[in-house]
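Notes follow once the structure below has been shown.
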Amino acid sequence: MPIKNRFAETHADITAWRRHLHTIPELQFDLPKTAAFVAEKLRSFGITDITTGIAETGIVAVIEGKTNNSGRTIGLRADMDALPITEATGLDYASTHPGKMHACGHDGHTAILLGAAQYLAETRNFDGRAVLIFQPAEEGGGGGNVMVEEGLMERWSIDEVYGLHNMPGHPVGEFAIRAGALLAAADEFDITITGQGGHAAAPHEAIDTNLAAAHVVIALQSIASRNVDPIKQVVVSVCTLRSDTDSHNVLPQTVRLRGTVRTLDAGIRDLAQERLEAIVTHTCAAYQCSADITYDRGYPVTINAEDNTHFAAQVAENVTPGVDRDTPPIMAGEDFSYMLNKRPGAYIMLGNGDGATVHHPMYNFNDDAIPAGCSWFAEMVETRLPSAG
């Protein structure tokens, strides 16, 4: 079945919802306007089983099929939060919240799930239950994990769970997916190097933390080049290097390094942490400095289950042709991973076309992708839970 006619009819409405959400970006768990808008729309569709306040501002809504002989429940998830970025698009529906922007397309994901909810509530042409999950705090807050810890899967008896994310650079409305690791584990490190400050003209009387920091940055790249199997993937990025002085003639007492480690394999994740800690400690010692290391494990690897991925790809092929079933893994992180660790399911990428990448001040979700996204969500329910009557 191609894109459903109903979504051609409602495309303008769903686009208007998306653009309204774009004007009111909110961060992490603090989503009062966004959550209120989502809840109001769900009620307007005639959905009565709506639970708010999950993970502070998350929403879970249940749509019952015409029958429930299967006794099965499918979860569909969209993230709602924005990013602390100042928008530079100049759009007439640009952010009205200074310093906040929907720069990752979560406004589009939310609107797509709302569009699918409207259709499923109208038709109920399935045998079972559809649970709609509107999640806060994907951007660093781990809202998906909080929802899971608050009993999402058990309270709503979810058997399998699915989600989507827009993909700039991929043709608009076309899908990409892969079984196994799709998105990376995202860890963070914070390193404070301590030496002995002094006058730049007398470096022999100081212990130069800048020198130690420079060697640490270079040495950390040996994790990928010399410690990890070349056919495996790891990214180690030092993103901040800051000393305790801004002077031209002072050697700093301390230097702080901050960054991220991305991996697609649990064993490589352990190895990368082990090597980072050893390299930093011993490199600093070689330059007479000490190092304090904080290593925080973030979102786990997003792993698509084999059977569920095959099913999700089949449904995508029914919506639009040319599904990429072996898209390369992406080293970005995603907290939908917590849901996939609790239940089988799959995460799929939806083409956003040409334009700025996500997390960029010029990014904008492509509204032409909405009908394909809505159709995929709806078809996932109707195909997985075929109507008994």
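The values are calculated or read from the model by the stated rules, or taken from the named source; none is laboratory data. All values derive from a computational prediction rather than experimental measurement. When we count neighbours, we look across all protein chains shown, and the Cβ atoms used for this are built from the backbone with ideal geometry, even at glycine. These accessible areas exclude ligands, DNA and RNA; they are computed on the full protein's heavy atoms, side chains included. Shrake-Rupley method; radii C 1.70, N 1.55, O 1.52, S 1.80 Å.
Tabulated results
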| read-out | value |
| --- | --- |
| Test result for Thr73, in contact (Cβ under 8 Å) with a residue 12 or more places away in the chain, within 29 Å of His359 (Cβ to Cβ) and β-branched (Val, Ile, Thr) | no |
| Candidates Thr15, Thr48, Thr67, Thr57 - the one that is hydroxyl-bearing (Ser, Thr, Tyr) and surrounded by 20 or more Cβ atoms within 10 Å (Cβ to Cβ) | Thr57 |
| Test: residue in region 102-115 that is of a type outside the set (Asp, Glu), more than 13 Å from the chain's Cα centre (by Cα) and surrounded by fewer than 18 Cβ atoms within 10 Å (Cβ to Cβ) | no |
| Residue that is farthest from Ala305 (Cα to Cα), among those in region 180-230 that are part of a loop (DSSP other than H, G, I, E, B) and open to solvent by 50 Å² or more (accessible area, probe 1.4 Å) | Ala201 |
| Whichever residue in region 263-294 is more than 32 Å from the chain's Cα centre (by Cα) and in contact (Cβ under 8 Å) with a residue 40 or more places away in the chain and, among such residues, is nearest to Arg226 (Cα to Cα) | Thr283 |
| Filter result for the condition that a residue is open to solvent by less than 30 Å² (accessible area, probe 1.4 Å) and aliphatic (A, V, I, L, M), over Ala88, Ala94, Ala36 | Ala94 |
| 3 or more residues farther than 18 Å from Asn166 by Cβ, open to solvent by 20 Å² or more (accessible area, probe 1.4 Å) and of a type in the set (S, T, N, Q): qualifying helices (runs of 4 or more DSSP H) within region 259-347 | 266-286 |
| Residues located in region 231-256, provided they are within 22 Å of Ala186 (Cβ to Cβ) and either free of Cβ contacts under 8 Å to residues at least 60 places away in the same chain or open to solvent by 70 Å² or more (accessible area, probe 1.4 Å) (or both) | Ile231, Lys232, Gln233, Val234, Val236, Ser237, Val238, Cys239, Thr240, Leu241, Arg242, Arg256 |
| Qualifying residue in region 170-179 (condition: outside any loop (DSSP other than H, G, I, E, B), out of contact with any helix residue (DSSP H, G or I) (no Cβ under 7 Å at 6 or more places or on another chain) and open to solvent by 10 Å² or more (accessible area, probe 1.4 Å)) | no |
| Filter pass, Gly163 being under 25 Å from Ala82 (Cβ atoms) and touching a Cys at 6+ places or on another chain (Cβ under 6 Å) | no |
| Selection within region 39-50 - assigned to a helix (DSSP H, G or I), touching a residue at least 40 places away in the same chain (Cβ under 8 Å) and over 21 Å from Arg155 (Cα atoms) | Lys41 |
